[in-house]
């Protein structure tokens, strides 16, 4: 089924599961990715143009550094054939090299084609926070994240089950402000 929510789901599965081939189900050939990074804990190029470039940044290079990736849209999916959609997001993952755990949050701003197959024309990703936690927190963080509805998760559900882990409070405080 073609819809904006199907495009978002294809993107999340491509990134989280390291499946670059799915990006063609999410983005147009000439799509644009804008990254607004408000933290020094992670970096991305500020602008990527074209599906090949976007796939390289968001899937291939990302998967070289991170595993155990789970990304949540903290909203209900877009209804119908919306041309634009914005939502907050949260991600959890671990670093391949060090085992450190990362939990981050921010905002997605999507612009879709106005007709079939409603692929993404432009995506702006704002990264508000990216907390780096010790490898010893992997189990408790992943147990929390794996218990959340994927990929559409209400804010309240995400915050309610958050474990008491030093450093995670920055994320939960940000999310609580959004409730």
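Worth a mention:
- In degrees, nearest ten, helix 4-16 long axis to first principal axis of the chain (Cα): 50
- Each Cα pair under 8 Å and six or more residues apart adds its separation to the average, and for segment 4-178 the resulting relative contact order is 23 percent.
- Degrees between helix 169-178 axis and first principal axis of the chain (Cα, 0 to 90, nearest 10): 50
- Relative packing of 116-126, 99-109, which averages over residues the other C-beta atoms within 10 Å, highest first: 99-109, 116-126
- According to the Cα-based calculation, Rg over Rh for segment 49-109 is 1.04, with Rh computed by the Kirkwood formula.
- Taken over segment 1-92, the percentage of Cα pairs per 10 Å bin, counting from 0 up to the bin with the maximum distance, is 16, 49, 33, 3.
- Only helices enter this figure: runs of n ≥ 4 DSSP H residues, each worth -39500 (n - 2.57), summed and divided by the residues of the chain, yield -7000 deg cm²/dmol at 222 nm to the nearest 500.
- In terms of Cα atoms, the Rg and Dmax of the chain work out to 15.5, 47 Å.
Where a number appears in this text, it was derived from the coordinates with a stated rule and is not lab data. Predicted model only: the values in this text are computed from it and were never measured. Glycine gets a Cβ as well: all are built from the backbone with ideal geometry, and neighbour counts include every protein chain shown.
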